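Just so it is clear, none of the values below were taken in a lab; they were calculated from the coordinates. Please read all numbers here as calculations on a predicted model, not as lab measurements. Please note: Cβ atoms are built from the backbone with ideal geometry, for glycine as well, and neighbour counts cover all protein chains shown.
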């Protein structure tokens, strides 16, 4: 979509938001208006309504909107002097608009009017008249807080979708139905990737064989790319003595992260929320020279945090997460290079997994909670400047905002969009100059002097559970060949060909190809249909014709038949698909 079309569509949807507010005001006199922007695929309006609004009220509001549209009311812009604008909003009782007006520096304030009664503080633009609108649908209501702040008043957000043509609107709902079918909560159990058991606990997945294979394939991939980038793998227990976290500042600054203490006869233990303390301990096991830097550690871990930290967007997010945490201890002079390398590595990894809409943000400490961070402004500022400098050199689009960063350093959060248009914080890079100073971590420089190293913590994926949910939905269960839990299903036309199927299976297995021999006494059509339902990339058919020609019939899941192939030729093709990370077949 070119810029002009995008602007026209945004104007169309913003006009629908205006009509939505107009309709609600007609139905519920005294409603107080919040904000009503155009958004991707549609529009919404936040409203303070003297009525408990639910989705059952939406058809009535739609009907009123259609009445307004049918009248072909002109959108009239009115410019009102600033003081008069305050008076107008005060007389209308529009307290939220009055607050917004305080943020507008203009001397003449823009309002838009439709009909004789409805007027709204708005810059526009809008379509010429309401008759230009019509193809929309109100889809949901939800409770929000004014300006997104939990301490502000409750409001109702009414969401809608709108398109210039009826065909576009219908296509949107067709696509929505397709997306619903991709939901990992439905596909996960259906594809035998994971399930849940109330006796084990909510949000705690049981990984079935297909899920375990997927996780193992992810690990094998990460083993290679992380090792190729100079990291050495280490492993620590999930439990550590309480005094470890006391010495590293966790109990002082992030005690809320920890689950209940575990006591033995002689010690008090805590489950780890991450592996930073352990990796620092490893670095301190011996004296380090500048010649040995950077020290790059990687560890697959189970991490444990209180339930209150769960991100509710995903059913797979839980208090216990699987992750890969990497730590780099390096000289200050090498920080820039390391950050750039990690950004490029993340970009490459995410692209390999099929994610292309990538952006970043730098998270800073929340200014309202200074007591929750190590107090050293000089080191914070130096770390922030270093991250910004590195990001500018990478050319990756980013923004800076306050958020839930670590207590010892700012972080880069790498984000991707899922198939539903939601943004996810999927990778993290934390830069620490504070913790290493507080703990007096050091190495010996070229002049035989002790110097503080920088500590960079890197998570290629915040957690594997989130990655699995995103991948199930991204691919709709039809995973790329290189990561699919089963890459090939071997199907015998009848039982008498089972011996040949098993020989082909052994050959594929010997070449590290994950195959499944379906030798059940069922019809070939049933076996093919089930293989397609599970998204298996390749089906290999073996019958009389194949045996007589010393070949196999290859059927990709796309249904576009490859026909007869020599088994050695097929093995080479699969290996090429895996090597090149082919997305679809």
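Here are the numbers for this structure:
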quantity: Share, in percent, of DSSP beta bridges within the range 488-579 that are antiparallel, nearest 5; calculated: 45
quantity: Projected label distance in nm at residue 336 and residue 70, using a 7 Å step from Cα toward the beta-carbon; calculated: 6.7
quantity: Packing-based exposure ordering (other Cβ within 10 Å, fewest first) of 122, 330; calculated: 330, 122
quantity: Cβ-based exposure ranking for 290, 44, in which fewest neighbours within 10 Å come first; calculated: 290, 44
quantity: Nitroxide proxy distance, nm - points 7 Å out along Cα→Cβ at residue 402 and residue 438; calculated: 2.0
quantity: Cα gyration tensor shape of the range 434-585, rounded if a/c is under 1.5, else prolate or oblate by comparing a/b with b/c; calculated: prolate
quantity: Value at 222 nm in deg cm²/dmol, rounded to 500, when DSSP H runs of n ≥ 4 in the chain each add -39,500 (n - 2.57); calculated: -11000 deg cm²/dmol
quantity: Most to least packed among 469-477, 452-460 [average Cβ atoms within 10 Å]; calculated: 452-460, 469-477
quantity: Cβ-Cβ FRET estimate between residue 236 and residue 378, R0 fixed at 22 Å, reported to 0.05; calculated: 0.10
quantity: Listed peptides 365-377, 190-202, 479-491 by packing density, highest first (mean Cβ within 10 Å); calculated: 479-491, 190-202, 365-377
quantity: Proxy reagent accessibility, fewest Cβ within 10 Å first, across 288, 152; calculated: 152, 288
quantity: Prolate/oblate/rounded label for the chain (Cα gyration tensor, a/c 1.5); calculated: oblate
